[in-house]
Amino acid sequence: MRASDLLHPRPEGLYCPPGDFFIDPVRPVERALITHGHSDHARPGHRSVLATRETLDIMALRYGEDFAGTTQAARLGERMMLNGVAVTFHAAGHVLGSAQIAVEHQAMRIVASGDYKRQPDATCAPFIVVPCDVFITEATFGLPVFRHPPDHHEIGLLLKSVAQFPERSHLVGAYALGKAQRVMKLLRQAGYDRPIHIHGALAKISAYYQSTGIDLGELLPATVESGGKADFAGAVVIGPPAAFSDRWARRFPDPVACFASGWMRIRQRARQRGVELPLIISDHCDWDELTATIRETGASQVWVTHGREEALVRWCELQGIAARPLHLVGYEDEGD
Ligand SMILES: [Zn+2]
């Protein structure tokens, strides 16, 4: 069988005809397999959803308990049969609960990796390399200019600034699912033991992370009710990037605007957003990690989705690996 008979793009998302299921569909479908809880991959309204326990819990937190007709939890590494097609979820190292999905049928294995990263992250299970015939990779940072420094280096910059400006607060923009908790954990790993103040939009998901045994230390709400401006002098405050342009941000004393994102590699982006301290911390692979991972899977074919598809396709071709862009629509890398 040809690989495209086993999985191919449809307007709803990536579809498996023999298994009759979609992976990360962007429109409501009968049966959805979901790689992780970011809103561009995990949408409400499917009749049935198969995902890891953590992804199902995160979807319930975000959309309410009735986000799907029925749900089934997939255990990492457990092979399941769907209409004669074997399906196995493997850790993707992107955010808590994130998984790659290996689809096997008639001696053909395709791995849909969803979003993934290779840097160690104490808030989720590490990516594992799954040998396959076809590897479907994202390309969010699929240009050689993207090289992510070690995350502890970036957190070191933040802590240095906190020590240097004890009268100012540090506002760290970080996506609500994954990045925010990773920044908290990195601060703890670097020895920062003061309370971390968080925007209300992070409260439920951060509490969920803690409930699964990921210790993020003491988290306090960053609300006016909880104190005056002076109380936030020297504080680290984490919130979703969108909150930083509204009134919420103005309650803090002389804030240092920080943003934790792979896009902070581009200085112009940081300037445009008014970011004083850019922190290059990404939940996606950089260029070297993308190309290394493609090699390690041993795939003879690579399909490239959301991001800088053309550059990675070209790189594959130069390596003698057949490659093509998938042109899936509707993925906006919520957690970059
Ligand atoms: Zn994601």
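Brief remarks follow.
- The residues of segment 7-39 that are within 16 Å of the ligand (Cβ to nearest atom), among the aliphatic types (A, V, I, L, M) and touching a residue at least 60 places away in the same chain (Cβ under 8 Å), listed by number, are LEU14, ILE23, VAL26, LEU33.
- If the condition is being away from the ligand (no atom under 16 Å from the Cβ) and either farther than 16 Å from CYS132 by Cβ or without any contact (Cβ under 8 Å) to a residue 60 or more places away in the chain (or both), then segment 282-296 contributes TRP287, ASP288, THR291, ARG295.
- If you filter segment 266-309 down to residues that are of a type in the set (A, V, I, L, M) and part of a helix (DSSP H, G or I), you find that the one that is farthest from GLN100 (Cα to Cα) is ALA270.
- Any hit, segment 58-78, residues being under 26 Å from HIS8 (Cβ atoms), within 15 Å of the ligand (Cβ to nearest atom) and in contact with a Phe, Trp or Tyr (Cβ under 9 Å, 6 or more places away or on another chain): yes
- Selection of segment 40-55 for residues being surrounded by 17 or more Cβ atoms within 10 Å (Cβ to Cβ) and either within 14 Å of the ligand (Cβ to nearest atom) or under 15 Å from the mean Cα position of the chain (by Cα) (or both) yields HIS41, ALA42, ARG43, ALA51, THR52, GLU54, THR55.
- Qualifying positions in segment 100-119 - more than 16 Å from HIS36 (Cβ to Cβ) and either within 13 Å of the ligand (Cβ to nearest atom) or not polar (S, T, N, Q) (or both): VAL103, GLU104, HIS105, ALA107, MET108, ARG109, ILE110
- The criterion of being assigned to a helix (DSSP H, G or I), touching a Leu at 6+ places or on another chain (Cβ under 9 Å) and buried (at least 17 other Cβ atoms within 10 Å of the Cβ) does not hold for ILE238.
- Test result for LEU279, farther than 26 Å from PHE244 by Cβ and either in contact with an Asp or Glu (Cβ under 9 Å, 6 or more places away or on another chain) or within 16 Å of the ligand (Cβ to nearest atom) (or both): no
- Close pairs (7 angstrom Cβ cut-off, 6 or more residues apart or separate chains): more than 11 Å from ARG2 (Cα to Cα) and modelled with pLDDT of 95 or more in segment 97-109, in a strand (DSSP E or B) and of a type in the set (Lys, Arg) anywhere: ALA102/ARG109
- Qualifying residue in segment 243-265 (condition: of a type in the set (Ser, Thr, Tyr) and either surrounded by fewer than 19 Cβ atoms within 10 Å (Cβ to Cβ) or assigned to a helix (DSSP H, G or I) (or both)): yes
- Residue within segment 131-138 that is within 13 Å of the ligand (Cβ to nearest atom), closer than 26 Å to HIS8 by Cβ and not β-branched (Val, Ile, Thr) present: yes
- Of the listed requirements (1) on the phi > 0 side of the Ramachandran plot; (2) under 19 Å from the mean Cα position of the chain (by Cα); (3) of a type in the set (A, V, I, L, M), ALA107 misses just one: (2).
- Candidate set from segment 312-324 (those that are touching a residue at least 12 places away in the same chain (Cβ under 8 Å), outside any loop (DSSP other than H, G, I, E, B) and surrounded by fewer than 17 Cβ atoms within 10 Å (Cβ to Cβ)); member that is farthest from the ligand (Cβ to nearest atom): ALA322
The values are calculated or read from the model by the stated rules, or taken from the named source; none is laboratory data. None of these values were measured; they are calculated from a predicted model. Note: ideal-geometry Cβ built from the backbone for every residue, glycine included; neighbour counts use all protein chains shown.
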